[in-house]
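The values are calculated or read from the model by the stated rules, or taken from the named source; none is laboratory data. Because the structure is a prediction, the values reported are computed rather than measured. Cβ: placed from backbone, ideal geometry, glycine included. Neighbour counts: every protein chain shown.
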Amino acid sequence: MRRSISGSSTVHARITRPHGLEERMISRRHFIAAAGVVLGLSTPARAALVCQDFPGFRRCSVGVAVGVGTARQECAEWCWAACVEAVFRFHGHPVAQHRIVEKVFNSGICRAAIGPQIVEAIDGTWTDDRDNDFDAECEVLWDSQFQFGRPDAVVQAARELEAGNPLILGAMGHATLLTAMTYSGNGILVQLNELIVRDPWPGNPNRRALTLVEAMNTQFLAKVAIG
């Protein structure tokens with residue numbers, strides 16, 4: 001059964017919360033608490049990073065330009081596979097969604113995935129649907145199910161976005177593609193203000209902001225390198 005939550009003031013629609021990322025929470029640590037780390041992005045802005053100075057703090061926005069809608073999940077449990085497809089396609093390598101699922105489950109079963117299975121789905125040498133080979137590698141920054149979280153996860157995410165790389169983010173049992181974020185810092189600590197994602201669920205806006213509840217309940221965050 002799908003459950004719904006009301007959007008925050010930055011989301012002008014009711015956001016349907018589908019399943020797709022297995023929601024077996026072990027740790028109650030909040031991803032957003034990882035924002036309390038040394039601010040490593042207070043240097044002058046580069047191409048994808050825009051900062052504005054205020055008395056005592058700096059606010060920065062960083063994001064990846066996505067000109068078209070990203071992949072929509074082809075079954076109720078494939079949000080994670082749609083996000084992998086979207087990352088591959090963003091880097092110029094179209095791969096059918098069912099192929100991503102089959103790599104993990106050896107079939108096209110409509111099934112959710114946990115963090116290690118998402119890594120398994122991504123890692124390795126691929127041949128895309130245009131017969132072009134590429135290598136993909138996934139690095140997990142946050143996985144609360146396995147009580148793992150890098151203390152610099154937020155900073156790492158911002159750096160990836162600045163470099164032009166979207167990330168896979170799982171919150172409240174649903175995977176999305178993280179494409180932009182806004183954060184504030186005073187040179188010592190950094191605070192998240194907004195996370196913009198591309199949502200693969202067909203009933204939700206493709207581009208939207210995570211609600212505060214979703215951000216506070218982030219389960220999974222990973223960066224993907226394509227070579």
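Scanning the range 154-170 for residues that are farther than 24 Å from residue 95 by Cα and either modelled with pLDDT of 95 or more or surrounded by fewer than 22 Cβ atoms within 10 Å (Cβ to Cβ) (or both) gives 155, 156, 159, 162.
Only residues that are touching a Cys at 6+ places or on another chain (Cβ under 8 Å), within 12 Å of residue 224 (Cβ to Cβ) and in a loop (DSSP other than H, G, I, E, B) were counted in the range 73-129, giving 1. Of everything in the range 162-199, what is in contact with a strand residue (DSSP E or B) (Cβ under 7 Å, 6 or more places away or on another chain), within 24 Å of residue 86 (Cα to Cα) and not hydrophobic (A, V, I, L, M, F, W, C)? Give them in sequence order. Selection gives 162, 165, 166, 170, 173, 174, 176, 179, 182, 194, 198, 199.
When restricted to residues that are under 10 Å from residue 129 (Cβ atoms) and surrounded by fewer than 20 Cβ atoms within 10 Å (Cβ to Cβ), the range 83-97 contains 4.
Every condition in (1) over 17 Å from residue 176 (Cβ atoms); (2) at pLDDT 95 or above; (3) in contact with a Leu (Cβ under 6 Å, 6 or more places away or on another chain) is met by residue 150 except one, and the failing one is (2). Annotation: of all residues in the range 130-158 being in a strand (DSSP E or B) and among the aromatic types (Phe, Trp, Tyr), the one that is farthest from residue 98 (Cα to Cα) is 148. Within the range 180-204, the set of residues being out of contact with any Lys or Arg (no Cβ under 8 Å at 6 or more places or on another chain), of a type in the set (A, V, I, L, M), touching a residue at least 60 places away in the same chain (Cβ under 8 Å) and in a strand (DSSP E or B) comprises 180, 181, 190, 192. Remark: residue 126 falls outside the filter, which requires a residue to be closer than 15 Å to residue 79 by Cβ and among the aromatic types (Phe, Trp, Tyr). Scanning the range 162-193 for residues that are under 23 Å from residue 54 (Cα atoms) and under 13 Å from the mean Cα position of the chain (by Cα) returns 180, 181.
Could you list, in sequence order, the residues of the range 205-226 that are assigned to a loop (DSSP other than H, G, I, E, B) and either out of contact with any His (no Cβ under 9 Å at 6 or more places or on another chain) or of a type in the set (A, V, I, L, M) (or both)? Hits for the range 205-226 are 206, 210, 211. Among residues of the range 118-144 that are touching a residue at least 60 places away in the same chain (Cβ under 8 Å), those with a Cβ under 6 angstrom from a residue that is among the polar types (S, T, N, Q), sequence gap 6+ or separate chain, pair up as 135/125; 141/156; 144/27; 144/219. Of the candidates 130, 159, the single residue that is out of contact with any strand residue (DSSP E or B) (no Cβ under 6 Å at 6 or more places or on another chain) and within 26 Å of residue 59 (Cβ to Cβ) is 159.
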